[in-house]
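Visitor: Encoded as structure tokens, here's the structure I'll be asking about.
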């Protein structure tokens, strides 16, 4: 609670939503000192350092107000839903469909190797919304969804030590509000690359 209450959970995010507005130099110093102190693992780093900066860059004011405070307080845990059984290293090949029905998207398909999904509250990922797009990466949309929603099944994938580090996500006619799309339909690839850039940047600045 102290960690989140001080804004350390989203140190790079804008102060309006509880972050510290830290510069890249300050972020590097924070991560180095955190590691040197042998501090506990950050249970919501996917929300803090992948989705959070993505929302700051691409989210609506309503999305920022709704999702950033729980990320800061570490009261809502996130996982990433990118990989699929037939689309791991080639994310442009995702086949999980999302079809617009009124003011909601109906999602059907499967995600796999989702880190921390076994104990997360929500997930984000890219979904096929325009199968007729002239290029595969142009037919994708970036959605956020509740793992407790009807139609969502989370199946943990155990490691050799028995801990559920990963999980499969089965999505059977899951309704996702249109308000939970980040960016515009068809922009999923571009926004996912922004998220990936945040992840790679984290790896580069981590000790």
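Visitor: Quickly run through the range 60-86 and pick out the residues that are touching a strand residue (DSSP E or B) at 6+ places or on another chain (Cβ under 8 Å) and more than 17 Å from residue 146 (Cβ to Cβ). Reasoning before the result, please.
Guide: Quick first cut of the range 60-86, residues touching a strand residue (DSSP E or B) at 6+ places or on another chain (Cβ under 8 Å) only: 63, 67, 71, 76-85.
Passing the criteria: 82, 83, 84, 85.
Visitor: Scan the range 68-79 for residues that are touching a residue at least 60 places away in the same chain (Cβ under 8 Å) and not in a loop (DSSP other than H, G, I, E, B) and jot them down.
Guide: Residues satisfying the conditions are 71, 72, 73, 79.
Visitor: Here is a follow-up. Out of the range 87-121, which residues are free of Cβ contacts under 8 Å to residues at least 60 places away in the same chain, assigned to a strand (DSSP E or B) and within 18 Å of residue 148 (Cα to Cα)?
Guide: 112, 114
Visitor: Which of the residues that make up the range 156-201 are exposed (fewer than 14 other Cβ atoms within 10 Å of the Cβ) and over 18 Å from the mean Cα position of the chain (by Cα)?
Guide: Scanning the range 156-201 gives 158, 159, 160, 161, 162, 163, 172, 173.
Visitor: Right, next: Name the one entry in 178, 103, 121, 172 that is modelled with pLDDT of 95 or more and touching a helix residue (DSSP H, G or I) at 6+ places or on another chain (Cβ under 7 Å).
Guide: Numbers: 178 fails: touching a helix residue (DSSP H, G or I) at 6+ places or on another chain (Cβ under 7 Å); 121 fails: touching a helix residue (DSSP H, G or I) at 6+ places or on another chain (Cβ under 7 Å); 172 fails: touching a helix residue (DSSP H, G or I) at 6+ places or on another chain (Cβ under 7 Å).
Every option except 103 fails the conditions.
Visitor: To continue, here is another question. For the range 28-45, does any single residue satisfy the condition of being touching a helix residue (DSSP H, G or I) at 6+ places or on another chain (Cβ under 6 Å), modelled with pLDDT under 90 and buried (at least 18 other Cβ atoms within 10 Å of the Cβ)?
Guide: Taking the range 28-45 and keeping what is touching a helix residue (DSSP H, G or I) at 6+ places or on another chain (Cβ under 6 Å), we get 28, 31.
Filter once more, keeping what is modelled with pLDDT under 90: 28, 31.
When the remaining residues are screened for being buried (at least 18 other Cβ atoms within 10 Å of the Cβ), the result is none.
No, because not a single residue in the range 28-45 is touching a helix residue (DSSP H, G or I) at 6+ places or on another chain (Cβ under 6 Å), modelled with pLDDT under 90 and buried (at least 18 other Cβ atoms within 10 Å of the Cβ).
Visitor: Is it true that residue 192 is part of a helix (DSSP H, G or I), closer than 22 Å to residue 49 by Cβ, touching a residue at least 12 places away in the same chain (Cβ under 8 Å) and in contact with a helix residue (DSSP H, G or I) (Cβ under 9 Å, 6 or more places away or on another chain)? Step through it out loud before you land on a result.
Guide: Working: part of a helix (DSSP H, G or I): yes; closer than 22 Å to residue 49 by Cβ: yes; touching a residue at least 12 places away in the same chain (Cβ under 8 Å): yes; in contact with a helix residue (DSSP H, G or I) (Cβ under 9 Å, 6 or more places away or on another chain): yes.
So residue 192 passes the test.
Visitor: Right, another one. Tell me which residues, restricted to the range 122-155, are buried (at least 18 other Cβ atoms within 10 Å of the Cβ) and part of a loop (DSSP other than H, G, I, E, B).
Guide: Within the range 122-155, 129, 147 meet the criteria.
The values are calculated or read from the model by the stated rules, or taken from the named source; none is laboratory data. Keep in mind that this is a model prediction, so the values were computed, not measured. Note: ideal-geometry Cβ built from the backbone for every residue, glycine included; neighbour counts use all protein chains shown.
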